[in-house]
1. Per residue, how big is the convex hull around the C-alpha atoms of the range 181-278? Give it to me in cubic angstrom, could you?
2. Students often check this: by mean Cβ neighbours within 10 Å, which of 232-242, 156-166 ranks highest, and how do the rest follow?
3. Where the eigenvalues come from the Cα gyration tensor of the range 39-120, what are the semi-axes √(5λ) of the equivalent ellipsoid, largest first, in whole Å?
4. Quick check of the Kirkwood formula: for the range 82-196, what is the inverse mean of 1/r over all pairs of different Cα atoms, in Å?
5. In this model, which of Lys189/Lys269; Lys82/Lys130; Lys166/Lys189; Lys52/Lys81; Lys82/Lys148 are farther than 18 Å apart at the alpha-carbon?
6. Given the convex hull of the Cα atoms of the chain, what is a quarter of its surface area in nm²?
7. Compute the acute angle (0 to 90°) between the alpha-carbon long axis of helix 251-260 and the principal axis of greatest extent of the alpha-carbon atoms of the chain; round to the nearest 10°.
8. Quickly estimate the mean residue ellipticity at 222 nm for the chain, helices only: each DSSP H run with n ≥ 4 gives -39500 (n - 2.57), and the total goes over all residues, rounded to 500.
Amino acid sequence: SCGNHYLEVQRVAEIFDQAVAKTFGLHVDDVVISIHCGSRGLGHQIGTEFLKDMAMSAAQYQIVLPDRELACAPLNSPLGKKYLGAMRAGINCALANRQIITHLTRQAVATIFPGIHLGLLYDVSHNTCKLEQHTINGQKKALYVHRKGATRAFGPGHPDLPDVFKKTGQPVLIGGSMGTSSYVLCGTKESEQRAFSSACHGAGRAMSRTQASKQWQGRTLVDELAAQGIIIRSPSMRGVAEEAPSAYKDVSAVVDIADRAGLARKVAKLEPVICIKG
């Protein structure tokens, strides 16, 4: 896999909302495992190929692109349908990928703690385009909601939520970098109007991967994080350098802003113990 993909063993360091945390099964000093990965290179390849096809077909559909990166096609066109099919295949691949990793994780943990049950809190894909119902000018409409660098955050009472989350809203998982905190939030009703039920899915990069790899040495970062009690395992030291904690924005500040903006509410803070990079 590529990018900031990892399996991380984390400690619940702080609870912000006791009632919601209890529903999510989270308590201070619990140990949890977070998995962040997608469809490996498949999603990237789908995006790259259709970006080219859509940019070349724009004139055919009378679309004027202000920027090549905004390439698009009508949903009911052959190209639009082909893209949606490919993208959904990518999402299915990502879901299967995470299920396999979850299964292997359960097996590994069971060898140390026989008979242990590792329940799943939530699994959601991001960087997707999903057909959802939203209210526009007082009218319910079916919309394709495209989230890039964002994640879905359905609020309490949303019909697509399982019963267990109907009162709390959807769990929203915000991954930090390997040396910083991650957060569990819950979706809000306000987010429906403000951002089509969306929240950030991470801190976001403060510098590019190339910049980061020039500025930091992977081996040095592994040693520095070990001194903080965080174990890093990675097949690539360059990969570690690219994901240096300082290459990202301050995740706590980003989460506080999302909370204050009403996009999602803080439930728990998680601190890394062991991080396995993809």
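The numbers here are math on the coordinates, done by the rules we state, and not lab data. The shown structure was predicted, so the numbers you read here are calculated from the model rather than taken from an experiment. Please note: Cβ atoms are built from the backbone with ideal geometry, for glycine as well, and neighbour counts cover all protein chains shown.
1. Value for the range 181-278: 103 Å³ per residue.
2. The most tightly packed comes first, giving 232-242, 156-166.
3. The three semi-axes for the range 39-120 are 41, 11, 9 Å.
4. 16.4 Å
5. Going by Cα-Cα distance, Lys189/Lys269; Lys82/Lys148 fall outside the 18 Å limit.
6. If I average the Cα hull's projected area over directions, I get 16.3 nm².
7. 60 degrees
8. Dividing the helical sum by the residues of the chain leaves -11000 deg cm²/dmol.
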